[in-house]
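One structure below.
The values are calculated or read from the model by the stated rules, or taken from the named source; none is laboratory data. What you see is a predicted model; the values in this text were computed from it and never measured. Here the Cβ is made from the backbone with ideal geometry for all residues, glycine too, and neighbour counts use every protein chain on show. Each accessible area value is taken on the protein alone, full model and side chains, heavy atoms only, with ligands, DNA and RNA left out. Shrake-Rupley method; radii C 1.70, N 1.55, O 1.52, S 1.80 Å.
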Amino acid sequence: MAFRQKLFFIKNQGRKLAENPTSHLFMAKEITSREENYSQWYIDIVQKANLADNSAVRGCMVIKPNGYALWENMRDQLDRMFKETGHVNAYFPLFIPKSFLSKEAQHVEGFAKECAVITHHRLMNAPDGSGVVVDPSAKLEEELIVRPTSETIIWDTYRTWINSYRDLPLLINQWANVVRWEMRTRLFLRTAEFLWQEGHTAHATKDEAVAETRTMLDVYATFAEEWMAMPVVKGVKTANERFAGAEDTYCIEALMQDGKALQAGTSHFLGQNFAKAFDVKFSNKENQQEYVWATSWGVSTRLIGALIMTHSDDDGLVLPPKIAPTQVVIVPIPKPTPEIDEAANKLMKELRSKGIRVKYDTDDQKRPGFKFAEHEMNGIPVRLGIGARDLAEGKVEVARRDTKEKANQPVEGIADYIIGLLDEIQQNLFDRAAAFRTEHTTKVDNFDDFKSVLEGKGGFVSAHWDGTSETEEKIKELTKATIRCIPLNNPQEDGKCVLTGNPSKERVLFAKAY
RNA sequence: CGGGGUGUAGCGCAGUCCGGUUAGCGCACCUGUUUUGGGAACAGGGGGCCGCAGGUUCGAAUCCUGCUACCCCGACCA
């Protein structure tokens with residue numbers, strides 16, 4: 001493959017240059033450009049911004065402090081939004097009895113191929129002294145599955161919690177880790193173990209459950225757009241892409257910089273499938289037994305991957321101010337002095353009093369240039385430089401990460417200026433991503449255009465589809481593109497399926513996806 | 001699960017084809033000096049069970065056999 005050769009070439013070139021002490025091309029923190037190799041760029045960002053690392057365990061990552069701080073901010077905001085919409089948190093077991101999983105037929109079919117299974121509960125010293133082995137006498141009566149998702153254990157529990165319509169709705173969320181034994185993993189985007197939240201709600205009526213599904217979809221979309229500055233399309237999945245056990249799967253779909261789509265969150269209307277599988281009934285006002293209606297919804301650490309691929313650039317991570325762990329960093333130039341410390345501390349106090357997350361870089365070993373590059377790599381939205389010159393002029397140097405512009409600002413009133421700037425950066429990131437998505441959403445009306453757009457500029461392709469799974473499969477085979485969603489509030493228009501020519505009454509969004 | 005790689009210092013690699021002093025290089029780390037407004041320079045220094053287990057040999061990072069781990073690309077998925 002040409003791609004491999006290119007990579008090989010780069011490796012060799014790197015080797016030669018590394019031997020040359022005058023070369024600055026392969027400094028420790030240099031990252032691969034997006035143009036050169038997008039997926040290597042992604043890996044470089046994750047590792048060099050210290051977000052995460054591969055671990056000793058296949059497919060499982062170590063989330064490092066920088067990455068975890070980001071997750072904490074995302075989690076905290078989502079948690080607030082869940083609570084504002086009436087939900088409470090609870091926690092259910094990590095393990096699920098094997099028999100539970102098979103109670104809902106489609107559900108088990110969807111997850112069976114990627115389950116980690118617990119078969120024993122004890123180790124013993126190996127007879128030959130070579131270490132420890134599984135004690136065969138400690139075999140479990142029934143194997144346990146490490147949860148790939150918790151519908152089954154939760155619905156088994158709900159049976160005992162729900163008796164009357166007065167117990168409904170039951171609006172519960174849990175923050176947890178889950179395990180899906182994926183064939184191939186990528187940091188944040190798809191790991192064998194990942195962190196997420198899963199909401200599981202129970203309702204007396206279908207309408208109420210559907211409304212809940214849509215409410216949570218809106219919460220996700222609001223979070224993605226207002227906090228992550230990541231524009232998303234709200235839509236509904238086709239039968240092929242539906243969650244195992246759901247009647248309808250709603251989703252938010254985002255577009256990454258390489259033109260591939262990423263499912264950023266899902267909200268499922270589960271109908272009465274799980275209520276029937278786990279026999280969860282309630283007495284209605286007329287004292288008749290009815291099955292409960294269900295929803296589930298989740299977002300995961302994958303959002304961090306989405307964030308990276310939406311905003312970051314060849315200099316490193318770019319973070320939206322609202323979720324950046326550190327929003328402002330102060331760099332003493334060229335190094336800390338009592339005068340600069342005093343000015344910085346005063347500045348920090350003022351910024352913190354206005355709720356800004358600010359840090360002062362007191363490292364007296366590294367030089368300013370190094371720090372500039374490092375803070376840019378880490379995606380800190382605003383950098384303030386203070387040196388003797390600035391102190392004398394009563395100014396600070398303000399550098400923004402998104403545009404890399406620098407300007408001198410009077411210290412007087414700087415807090416308000418920075419509050420405005422953070423808002424502006426947040427908005428600029430969203431606008432930039434939205435413009436990219438608009439530019440990379442293409443309407444096509446025949447299959448040749450369909451293919452050439454996908455192979456060329458990529459992105460979302462808006463096209464007519466005859467509504468059959470067969471056609472969807474065929475298109476996937478031919479182009480690797482899938483239907484990302486049928487957008488909500490989709491305009492109705494008569495057209496012909498881009499593949500079969502059969503009649504269609506609305507366009508759907510296709511894309512290659514992560 | 002198929003295809004392709006790679007395991008040598010914390011990280012990135014050279015050395016392996018063709019066996020031979022004490023296993024090298026860059027970055028990082030430690031000490032010191034000079035520096036410091038966009039990734040500092042010099043000098044000195046520390047750090048290795050060459051993935052694991054066997055074998056061949058006077059001698060193995062290098063050759064042979066077996067094992068194992070991880071990465072990348074596909075099919076599967078959030």
Report whether or not A:LEU347 is in the same structural domain as A:GLY235 (by TED's automatic domain parsing), modelled with pLDDT of 95 or more, within 16 Å of RNA strand B (Cβ to nearest atom) and aliphatic (A, V, I, L, M). no
For segment A:367-382, give me the residue count where each residue is within 7 Å of RNA strand B (Cβ to nearest atom) and without any contact (Cβ under 8 Å) to a residue 60 or more places away in the chain. 5
Do we find a residue being at pLDDT 85 or above and outside any helix (DSSP H, G or I) anywhere in segment A:15-30? no
All-but-one check, A:GLN409 against (1) more than 8 Å from RNA strand B (Cβ to nearest atom); (2) in contact (Cβ under 8 Å) with a residue 60 or more places away in the chain, failing number (2)
What number of residues in segment A:160-182 are open to solvent by 20 Å² or more (accessible area, probe 1.4 Å) and either away from RNA strand B (no atom under 16 Å from the Cβ) or without any contact (Cβ under 8 Å) to a residue 12 or more places away in the chain (or both)? 11
Lone unmet requirement of (1) surrounded by fewer than 17 Cβ atoms within 10 Å (Cβ to Cβ); (2) modelled with pLDDT under 90 for A:ASP448: (2)
All strands (runs of 3 or more DSSP E) inside segment A:241-341 with 2 or more residues being within 30 Å of A:ILE414 (Cβ to Cβ): A:328-333
From the options A:GLU290, A:GLU286, A:GLU253, residue that is open to solvent by 30 Å² or more (accessible area, probe 1.4 Å), touching a residue at least 60 places away in the same chain (Cβ under 8 Å) and assigned by TED's automatic domain parsing to the domain that holds A:ALA202: A:GLU290
Would you confirm, using the coordinates I've provided, whether A:LEU195 is assigned to a strand (DSSP E or B) and either without any contact (Cβ under 8 Å) to a residue 40 or more places away in the chain or not aromatic (Phe, Trp, Tyr) (or both)? yes
Evaluate the following for A:GLY369: is it outside any loop (DSSP other than H, G, I, E, B) and either assigned by TED's automatic domain parsing to the domain that holds A:ALA415 or farther than 18 Å from A:ALA399 by Cα (or both)? yes
Enumeration of residues in segment A:61-90 that are outside any helix (DSSP H, G or I) and of a type in the set (S, T, N, Q): A:THR85, A:ASN89
Taking into account only those residues within segment A:400-424 that are open to solvent by less than 80 Å² (accessible area, probe 1.4 Å) and among the charged types (D, E, K, R), which is farthest from A:VAL329 (Cα to Cα)? A:ASP402
Residue match in segment A:211-233 (condition: within 10 Å of RNA strand B (Cβ to nearest atom) and in a helix (DSSP H, G or I)): no
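Filter segment A:299-323 down to residues that are in contact with a strand residue (DSSP E or B) (Cβ under 9 Å, 6 or more places away or on another chain) and open to solvent by less than 10 Å² (accessible area, probe 1.4 Å), then give me how many there are. Even if it seems obvious, please write down each step before you answer.
Looking only at segment A:299-323, we keep the residues that are in contact with a strand residue (DSSP E or B) (Cβ under 9 Å, 6 or more places away or on another chain), and these are A:299-306, A:309-310, A:321.
Checking which are open to solvent by less than 10 Å² (accessible area, probe 1.4 Å) leaves us with A:299, A:301, A:303-306, A:309, A:321.
The total comes to 8.
Taking A:SER452 as the residue in question, decide whether it is farther than 30 Å from A:VAL382 by Cβ, in contact (Cβ under 8 Å) with a residue 40 or more places away in the chain and out of contact with any strand residue (DSSP E or B) (no Cβ under 9 Å at 6 or more places or on another chain).
When the stated conditions are applied, A:SER452 does not pass them.
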Would segment A:147-159 turn up any residue that is open to solvent by 20 Å² or more (accessible area, probe 1.4 Å) and without any contact (Cβ under 8 Å) to a residue 60 or more places away in the chain? no
Filter the strands (runs of 3 or more DSSP E) completely within segment A:424-514 down to those with at least 2 residues that are of a type in the set (S, T, N, Q) and away from RNA strand B (no atom under 16 Å from the Cβ). A:441-443
Suppose the filter is within 16 Å of RNA strand B (Cβ to nearest atom) and touching a Leu at 6+ places or on another chain (Cβ under 8 Å); does A:VAL328 pass it? yes
